[in-house]
There are 2 protein chains.
Amino acid sequence: MPARALPGFRDFYPDDTALRNHIFAVWRTVASRYGFEEYDGPPLEPLELYTQKSGPEIVGQLYHFRDRGDREVALRPEMTPTLARMVAARARALKKPIRWFSLPQLFRYERQQRGRLREHFQLNLDVIGEPGPLADAEVIAAAIDVARLLGLGPQDVRARVSDRQVLRALLLGAGVAEPSLGAAFAAIDKIEREPRDRLLTWLTEDGKLPAGVAQRALAVGDVKGLPAVQDAARKVPGGPAVVEPLVECVGALEAMGLSAFVDVDLCIVRGLAYYSGIVFELFDAQRNLRAICGGGRYDGLLAALGGADLPAVGFGMGDVVLGELLKARAVAPGAAGSLDAFLVAVTAEDTPAVLQLAHALRDRGGRVEFSLKEQSIAKQLKLASARGARFAVIIGPEERQRGGAVVRDLRRGEERAVSAAELAGDAVLGGR
Amino acid sequence: MPARALPGFRDFYPDDTALRNHIFAVWRTVASRYGFEEYDGPPLEPLELYTQKSGPEIVGQLYHFRDRGDREVALRPEMTPTLARMVAARARALKKPIRWFSLPQLFRYERQQRGRLREHFQLNLDVIGEPGPLADAEVIAAAIDVARLLGLGPQDVRARVSDRQVLRALLLGAGVAEPSLGAAFAAIDKIEREPRDRLLTWLTEDGKLPAGVAQRALAVGDVKGLPAVQDAARKVPGGPAVVEPLVECVGALEAMGLSAFVDVDLCIVRGLAYYSGIVFELFDAQRNLRAICGGGRYDGLLAALGGADLPAVGFGMGDVVLGELLKARAVAPGAAGSLDAFLVAVTAEDTPAVLQLAHALRDRGGRVEFSLKEQSIAKQLKLASARGARFAVIIGPEERQRGGAVVRDLRRGEERAVSAAELAGDAVLGGR
């Protein structure tokens, strides 16, 4: 038997699953509070769903193969193409704005390095059909609220927000010619990861930009804070109008009481080419980890994919960095849930009474276990402790006769005889 | 863009996802009440994990391919080999009995027929490390309790229970020779799907069984009800001992108050060869659908897979038949959850107050939406109705001045002015 999972794939033992389910529950709770509805698609899709958006070079990063029906198929690397297909199929019937979210497992065949995973789970949350900046604010707020509900504050998590339209206007104002905008975006995207002189060299190579323009272009990526962005915008043609959506979006986040989390920062570009307006990322405040979440507005993408021509804004938030952060901040949940009660049969004849009580407690929502074989009381109590049970409920011939049990509180070490009425009442499940 | 999912794969629109999540929630609730902990493994596994158990012929039914690391891999068709691997890796550290469950999506490349799916979700629930029949009763009870918690009663769902050891003893007693037991099992397995004379012909072909023995062998498959099984067992060598586990298991289900769901029926064999004792299936009572669930004891399997030598009992329960049954019995949940409140801004200046209130209500767990663009009150109220909101909360300049709102009950059609204190209290979320 192969001794382990494939490289880059995770086995989820119960404690790992408990952490994952905790993150999933928070994702679902926040999405639900914002009125988003959950959807899902197949983990296996036609390969062309992805090549169409990202070109044939994406194939090198996919788990793809030819199935026996001679179809080129791939394990989904992202959710947006599936979303585009599903929305397109019912574009007329769906009430706009569409507020949908999903929790897909996604797959990438990246060369294995530093324990990089080849799968992860990702919250995808999108508003489709609304071009205005309140929609952008809504999805950024949802991303921040995931962090808040997980117990993370502004000292743990920062939302960095930019707007590609603003960046574009400022770069044009700095003298960057239209054909060189892509290069300037790419350099600003790397501003925090590469030395400044290397970026300048790259920007001035092959006649991309004159040296002075390259300097000014990189300086645009240094602008931080909404007032500074507004100042800069006032000085370029069309600037005051182009900065309005960002101002409205940040204002809405302030009205929602979330401004303590928000930094306006023009160095946020989001590498992918399809973003068309506001973009944002969530990071741990110490910046030790990769981004928690990234997203933005992608108004032309759904139509470009052959779907409905609807504006859209959304984000993807993975489970891996979030899980690392929760562990580092010690706000991860404890071990997988423990038992309310472990029922102990003193003799074999007491087993039917144990089974009956176990089932009655379970029917009332209790989490209950008992020994599946005849063994000593000591061994049963040991198993009760190993399972983290709150109470041991002991039934022997005497207890059976009076219809009650002895309830031992395994935390406090106290025990007392309880009646049948108390068992049917709060004696065991009352403290939940 | 490909217009639809691959054949045999499902898109889950919000209503479909709501049904699926309802089933998942019930699966998790019941498993948790029984003290089971959730685990998961990768959807992609080494191919040999499956060929080892089922032989090379399984390959024809798998989604399998060679990845770029030159590994033969497959989308998981079942969970047990992954479970065996994970338990083997920590066999010593895990406290026995191990009570684990999982909700994997499973994949089969079956030839497409009658809309058969190539993927489904399945609750896998297993007790590992306990050979006694209370463990069998525990997993059967959990399967029945899933049906109960979904709103299905004994008139909707039947659990049919048998025991291969009993079947074996009775077949030997009926004159079936040891080497022909497999053929007799296979014939009894088909007893409800094939005409009796065809089974007899097949059983007597190629010298498998003499005609009289074949008749008696099939008659063993007709035995129904525990008393009749006990009667039959008394008449064969070793019968009274071999029937004991089944008697204990059925007795335990009775003590749990579940006997109304249970039929002992020796025609239940479970085709797969690895079952070693008690076997069971859940069916819809009208038997219009395929089995809801199937499982049993597989004591030798984990060791045979190269894992730990531990006895085990468990079942798999798919989401598809269960979903069909819930719809047929009209106990499926309604549409995806609706909103608590839709907030309406009378003028653009009211939007910050709407945002602030929306966020305050969301922080208290409310499900809240508002218009993401400036539009007429009528259009906002229309969207509120389309989203199924319970209340429309209207904020205009006057309401803003006094810090309150007008709350319209969209079910009753009544509206009233409420104060800020009422908004912070129960005015909107009180009826949840």
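The values are calculated or read from the model by the stated rules, or taken from the named source; none is laboratory data. The model shown is predicted, which means the values in this text are computed figures rather than measured ones. Because the Cβ atoms are built from the backbone with ideal geometry, glycine has one as well, and the counts that use them run over all protein chains shown. Just so you know, the surface numbers come from the protein's heavy atoms only, side chains and all, with ligands and any DNA or RNA stripped out. Shrake-Rupley method; radii C 1.70, N 1.55, O 1.52, S 1.80 Å.
For every residue, the table says whether it meets (1) surrounded by 12 or more Cβ atoms within 10 Å (Cβ to Cβ); (2) farther than 16 Å from B:D340 by Cβ.
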position	(1), (2)
B:Q375	yes, yes
B:A378	no, yes
B:V393	yes, no
B:G403	yes, yes
B:L410	yes, no
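Would you check if there is a residue in the stretch B:88-107 being among the aromatic types (F, W, Y), in contact (Cβ under 8 Å) with a residue 60 or more places away in the chain and in contact with a helix residue (DSSP H, G or I) (Cβ under 8 Å, 6 or more places away or on another chain)? Yes: the stretch B:88-107 contains one or more residues that are among the aromatic types (F, W, Y), in contact (Cβ under 8 Å) with a residue 60 or more places away in the chain and in contact with a helix residue (DSSP H, G or I) (Cβ under 8 Å, 6 or more places away or on another chain). Filter the stretch B:8-21 for residues that are more than 7 Å from chain A (Cβ to nearest Cβ) and either assigned to a loop (DSSP other than H, G, I, E, B) or of a type in the set (F, W, Y) (or both) and give the result. The one that is more than 7 Å from chain A (Cβ to nearest Cβ) and either assigned to a loop (DSSP other than H, G, I, E, B) or of a type in the set (F, W, Y) (or both): B:G8. Looking only at the stretch B:159-167, decide whether some residue is within 14 Å of chain A (Cβ to nearest Cβ), within 25 Å of B:L326 (Cα to Cα) and in contact (Cβ under 8 Å) with a residue 12 or more places away in the chain. The answer is no; no qualifying residue exists. Please determine, by comparing only the residues of the stretch B:401-413 that are in a loop (DSSP other than H, G, I, E, B) and within 20 Å of B:A348 (Cα to Cα), which one is modelled with the lowest pLDDT. Per the stated criteria, the residue is B:G403.
Within the stretch B:299-314, work out how many residues are open to solvent by 10 Å² or more (accessible area, probe 1.4 Å) and in contact with a Gly (Cβ under 8 Å, 6 or more places away or on another chain).
Residues meeting the conditions: 3.
Reported count of residues in the stretch A:146-164, each being buried (at least 19 other Cβ atoms within 10 Å of the Cβ) and either under 23 Å from A:L266 (Cα atoms) or outside the structural domain of A:D265 (by TED's automatic domain parsing) (or both), is 10. The set of residues from the stretch B:1-37 being in contact with a Phe, Trp or Tyr (Cβ under 7 Å, 6 or more places away or on another chain) and either within 26 Å of A:R71 (Cα to Cα) or open to solvent by less than 10 Å² (accessible area, probe 1.4 Å) (or both) comprises B:F12, B:Y13, B:T17, B:A31, B:F36. Annotation note: Cβ proximity below 6 Å between a residue of the stretch A:30-48 that is more than 7 Å from every other protein chain (Cβ to nearest Cβ) and a residue that is among the charged types (D, E, K, R) (sequence gap 6+ or interchain) occurs for A:V30/A:D145; A:F36/A:R99; A:L47/A:E72.
Look through B:R92, B:R68 and report the one residue that is assigned to a loop (DSSP other than H, G, I, E, B), at the interface with chain A (Cβ under 7 Å from one of its Cβ atoms) and open to solvent by 30 Å² or more (accessible area, probe 1.4 Å).
B:R68
On inspection, A:L134 does not qualify as under 27 Å from A:V331 (Cβ atoms), within 14 Å of chain B (Cβ to nearest Cβ) and open to solvent by 10 Å² or more (accessible area, probe 1.4 Å). Only one of the numbered conditions (1) within 30 Å of B:R76 (Cα to Cα); (2) not assigned by TED's automatic domain parsing to the domain that holds B:R76 is violated by B:V346, and that is (1). Can you find a residue in the stretch B:38-57 that is under 18 Å from B:G294 (Cβ atoms), of a type outside the set (D, E), at pLDDT below 95 and open to solvent by less than 50 Å² (accessible area, probe 1.4 Å)? Checked the stretch B:38-57: at least one residue is under 18 Å from B:G294 (Cβ atoms), of a type outside the set (D, E), at pLDDT below 95 and open to solvent by less than 50 Å² (accessible area, probe 1.4 Å). Considering only residues that are among the hydrophobic types (A, V, I, L, M, F, W, C), assigned to a loop (DSSP other than H, G, I, E, B) and within 25 Å of A:R76 (Cβ to Cβ), which ones fall in the stretch B:29-48? Matches in the stretch B:29-48: B:L47 only. Of the helices (runs of 4 or more DSSP H) lying entirely inside the stretch B:288-400, those carrying at least 3 residues that are among the aliphatic types (A, V, I, L, M), within 13 Å of chain A (Cβ to nearest Cβ) and within 39 Å of the chain's Cα centre (by Cα) are B:301-304, B:351-363, B:377-386.
Pick from the stretch B:114-131 the residues that are facing chain A (nearest Cβ under 10 Å) and either assigned to a loop (DSSP other than H, G, I, E, B) or free of Cβ contacts under 8 Å to residues at least 60 places away in the same chain (or both): which of them is farthest from B:F36 (Cα to Cα)? Top of the filtered list is B:R118.
Name the residue, out of B:A273, B:A241, B:A285, that is open to solvent by 30 Å² or more (accessible area, probe 1.4 Å), in contact with an Asp or Glu (Cβ under 8 Å, 6 or more places away or on another chain) and either under 30 Å from B:L117 (Cα atoms) or small (G, A, S) (or both). That would be B:A285, the only listed residue that is open to solvent by 30 Å² or more (accessible area, probe 1.4 Å), in contact with an Asp or Glu (Cβ under 8 Å, 6 or more places away or on another chain) and either under 30 Å from B:L117 (Cα atoms) or small (G, A, S) (or both). Would you say B:A5 is within 7 Å of chain A (Cβ to nearest Cβ) and either under 18 Å from the mean Cα position of the chain (by Cα) or assigned to a loop (DSSP other than H, G, I, E, B) (or both)? Yes.
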